[in-house]
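Okay, so here's the structure we're looking at.
The values are calculated or read from the model by the stated rules, or taken from the named source; none is laboratory data. Because the structure is a prediction, the values reported are computed rather than measured. Cβ placement follows ideal geometry from the backbone for every residue including glycine, while neighbour counts extend to all protein chains displayed. Heads up: the accessible areas ignore ligands, DNA and RNA and are worked out on the full protein's heavy atoms, side chains in. Shrake-Rupley method; radii C 1.70, N 1.55, O 1.52, S 1.80 Å.
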Amino acid sequence: MTQTVAVLGTGKIGEALLSGMIRAGWRPADILVTTRRSDRAQELHTRYGVESVTNAEAAKNADILILAVKPQDMGKLLDELAPHVTADRLVISAAAGITTTFIEERLTPDTPVVRVMPNTPVLVDEGMSVISAGSHATGAHLATAEEIFGGVGKTLRVPESQQDAATALSGSGPAYFYFLVEAMTDAGILLGLPRAQAHDLIVQAAIGAAVMLRDSGEHPVKLREAVTSPAGTTISAIRELENHGVRAALIAALEAARDRSRELASGNG
């Protein structure tokens, strides 16, 4: 690796990217970080051997800037960076709801910007990061973003117009599964199982089902049908799910998440 990358805002997601890059072969000497607290900077230096700098220093010295701050802090950060970012830098935003246009309008004209929506499983290297190009980003810029975020899971390129839908499905997606596990755990307790046992049964079922979905290549309907024998327990449960409108509720929930993502992107927070 010959480029220098700076992670601006090294919280949980930023640190996950940092550790993923190092495992993928980036040298700590080629990575800069910015933090709000000196003790956090020392912690990251001790753990990864990276240097902590100011936002302005990062903009001056790094070839790639990864903006991993909270969306509400993005405007202030861009104000700090603008005097120092030249058009030969690559700016990657990992802030939910922030459009590439918002960033491009605040930086030097023609600066390449790539928008990425990761989800929290990047913390365990099983993330899904959805990547979109701004007006001046090339295929090479997208490939660089894929290289970085590929160290903590999978990546998928989509047009930026699809980012709100991807946020609803992938960015918020883990929460839906946690919600389902929570409900199923309560059901297990109602059926007479201790909470710990119910939790272990459901979590392992979820892991096994996810691996089968990923590795078998089968459509989820076929995998479900393999568990659903005639007049059996599974079809009785599925009938109740359909009777209670679970499928329709999921569709409505994802539409609501997409709409909220659009609101945030337009500044209606």
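General observations
- Solvent-accessible area per residue, Å², over the chain with all protein chains present [probe radius 1.4 Å]: 55
- Put simply, the convex hull of the Cα atoms in region 164-264 casts, on average, a shadow of 7.7 nm².
- Given R0 = 35 Å, the distance between the Cβ atoms of R36 and K222 translates into a calculated FRET efficiency of 0.10.
- Built amide H within the under 5 Å cut-off of S129, gap 5+: K154, T155, L156
- For a straight C-alpha distance cut-off of 26 angstrom, the lysines reachable from K70 (same-chain residues fewer than eight places away being disregarded) are K12, K60, K154.
- Modelled spin labels at L201 and A187, positioned 7 Å past Cα toward Cβ, are 1.1 nm from each other.
- Accessible carbon and sulfur surface of region 175-269 relative to its total accessible area, %, 1.4 Å: 65
- Highest mean packing comes first when the peptides 124-136, 196-208 are listed by Cβ atoms within 10 Å, giving 124-136, 196-208.
- Percent accessible area from carbon and sulfur atoms, region 1-147, protein chains only, probe 1.4 Å: 50
- Ratio Rg/Rh, restricted to the chain and using Cα atoms, in which Rh is the Kirkwood radius: 1.04
- The chain: DSSP helices with Cα axial extent of at least 24 Å and average Kyte-Doolittle hydropathy no lower than 0.0: 173-190, 195-216, 246-265
- Model label zone, E43; criterion: amide N under 19 Å from point 7 Å along Cα-to-beta-carbon; scope region 68-88: 68-70
- Taking 0.36 nm per residue of sequence separation and removing the Cα-Cα distance, the L250/S266 pair yields an extension gain of 3.3 nm.
- When each of the peptides 45-53, 148-156, 210-218 is scored by how many other beta carbons lie within 10 Å of its residues on average, the order from highest to lowest is 148-156, 45-53, 210-218.
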